Structures are given as C-alpha cells and as structure tokens.
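The values are calculated or read from the model by the stated rules, or taken from the named source; none is laboratory data. Small disclaimer: the values here were computed from a predicted structure and weren't measured. Glycine also receives a Cβ, built like all others from the backbone with ideal geometry; neighbour counts cover every protein chain displayed. For the accessible areas, the whole protein counts, side chains as well, though only heavy atoms, and no ligand, DNA or RNA atoms are used. Shrake-Rupley method; radii C 1.70, N 1.55, O 1.52, S 1.80 Å.
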Amino acid sequence: MTPQELYDQIGGGYGAHRRPDPRVAAAIVRALGDADTVLNVGAGAGSYEPADRTVVAVEPSLAMIRQRGKGCPPVIQASATHLPFRSGAFAASLAVLTVHHWPDRGNGLAELKRVARRRVVLFTWDPASPGFWLTDEYFPALISTDRPIFPTMEDLRRALGPIEIHPLPIPHDCTDGFLGAYWRRPHAYLDADVRGAMSTFTKLDTLEPGLTRLRRDLENGSWHRRHRLLLSESDLDLGYRLVVAPRD
C-alpha cells in the first residue's frame, strides 16, 4: 500500500486524535532555527507548521489535504520522492513522522536535502530503541513491523551527511496521538478511533488477543501494579528523535 492509499484509508480521524502537541512543536521550531522558508514534506493535515515564517506543504493524500484548516499554508499534492521545486528553494525542509512511509526512502531523503539551503529537520523514531510496555507485553508485532521501515540514525547520516540527534521525550499528556503518545494513559489504546489514527496498527492481521490482555490487566489492576512507577513520570524517552542535518 502506498502512503497515499494508506492515508486516504485512515486519514479521516486524524483531526480528532492527531492534534499538534505544543511541546513537540516548540522543539521543532528550535530545530528549524532561523530558517525563514520551510518546505513541510508529508505534511498531512498541517501539524507542526510554524506560523512565524513562510511554509509550503507537500502531501500526497487528498484525505489529509481536505483536513487542512483555512489558515494553513498552501499545499501541493505531490510525492516526497519527486518534489516540484528547484534546488535550494527553501531555507529548510521538514518531515514529521513520515519518512518511514515513503516508497523510496533514499530518493526522498535526497530530495529533502536538494531543496534545502540551510538544514533538513526530521522528527522520527530510532529503530535501535527498545519498545515500551505496549509493544513488549501486548503487541510485539508492532515493534517488529516498525523496526524495518524506520531509517536508522546511520541511514540518515549516509543520506544527509553530518547530523545532530536530539532525544525528544514524550509528555504524559501528549495531544498528538502517535503510537507512543499514550504511554501513561493505557485505556486509550482500547479505543478503536485512537488506534485508527496510528498507521502501525493498520498493518497487524489481528488485534484482539492483545486488546483482550490489556483490557483484562487494566480491569484487574495488574497493569498498574507492574507500571506504577511510570505514573509519576512527566515525560518518557520512547526513542523519538529530532534529527537536524545542517547544510551550511
């Protein structure tokens, strides 16, 4: 399934469950630095597009484009692997939790590098990171599905040149419902609409055994007994990374 087909299928619920988290947004703005023009590739519904500079979005899925608000920057329906812009057209290129969906990751990363004069910024997940309780105890297939498709930090270094890697701990009340967002709110994973906004869940053949175990462990209190220390944490490093590749 291509990224366009995937998000045409699951993108309808993104507006409700994939709202930008202000702390993640602030980290992305810091990573962009003083870049005054930004190309947001795989832009989706427009999360994390900074309002204090010129932004152009690229998104292949019409379902996602239709969810962009009236005040969002202009969007072009196109693929990351063939960006319709001249080399160096933007001060920075940005890709947020999208590179793992690209059909030709190497070509897409080369395109990010080509159109950016000063820096490339990626929000991604490091597949060398361990899983967390959701994948370790209930859905081990999630981690085995994601690890092969996310680029390693060495993959990014080979594609982009020297990179800076910044851990991005996820707040316990993160408003952007990607896979790790609910690490301290386990009941959320029982909600089909919440899961429907996470692309990884769509790749599993069956969910019911894991859901049954999670529901049982929440009802009998065993989840809370095992993970009581998590409940006092305000954020957690789950392997999400901001990667910055300076171009100048």
Residue, surrounded by the fewest Cβ atoms within 10 Å (Cβ to Cβ), within region 39-71, restricted to residues that are over 19 Å from the mean Cα position of the chain (by Cα) and more than 28 Å from A159 (Cα to Cα): K70
Any hit, region 157-177, residues being in a helix (DSSP H, G or I), under 25 Å from P103 (Cβ atoms) and in contact (Cβ under 8 Å) with a residue 24 or more places away in the chain: yes
Residues satisfying the stated conditions in region 5-29, i.e. modelled with pLDDT of 95 or more, more than 25 Å from R105 (Cα to Cα) and open to solvent by 30 Å² or more (accessible area, probe 1.4 Å): P22, R23, A26
Answer residue from region 201-216, given it is loosely packed, with under 13 Cβ neighbours inside 10 Å and not in a helix (DSSP H, G or I) and is modelled with the lowest pLDDT among those: D205
Hits in region 137-181 - residues which are basic (K, R) and either open to solvent by less than 10 Å² (accessible area, probe 1.4 Å) or within 22 Å of R195 (Cβ to Cβ) (or both): R147
Number of positions in region 226-235 that are within 23 Å of D176 (Cβ to Cβ), surrounded by fewer than 16 Cβ atoms within 10 Å (Cβ to Cβ) and touching a residue at least 60 places away in the same chain (Cβ under 8 Å): 3
Pair list, Cβ under 9 Å, 6 or more apart: region 87-103 residue open to solvent by less than 10 Å² (accessible area, probe 1.4 Å), other residue aromatic (F, W, Y): L94/Y48; L94/F123; A95/W102; A95/F123; V99/F150
Failed item, numbered, when L238 is tested on (1) part of a loop (DSSP other than H, G, I, E, B); (2) modelled with pLDDT of 95 or more; (3) open to solvent by 80 Å² or more (accessible area, probe 1.4 Å): (3)
Answer from F85, F123 - the residue that is aromatic (F, W, Y) and closer than 19 Å to D36 by Cβ: F85
Test: E137 is under 26 Å from P209 (Cα atoms) and modelled with pLDDT of 95 or more: yes
Single match in D205, D146 (criterion: within 16 Å of the chain's Cα centre (by Cα) and among the acidic types (D, E)): D146
The one condition in (1) more than 22 Å from I28 (Cα to Cα); (2) open to solvent by 30 Å² or more (accessible area, probe 1.4 Å); (3) assigned to a loop (DSSP other than H, G, I, E, B) that T81 fails to fulfil: (2)
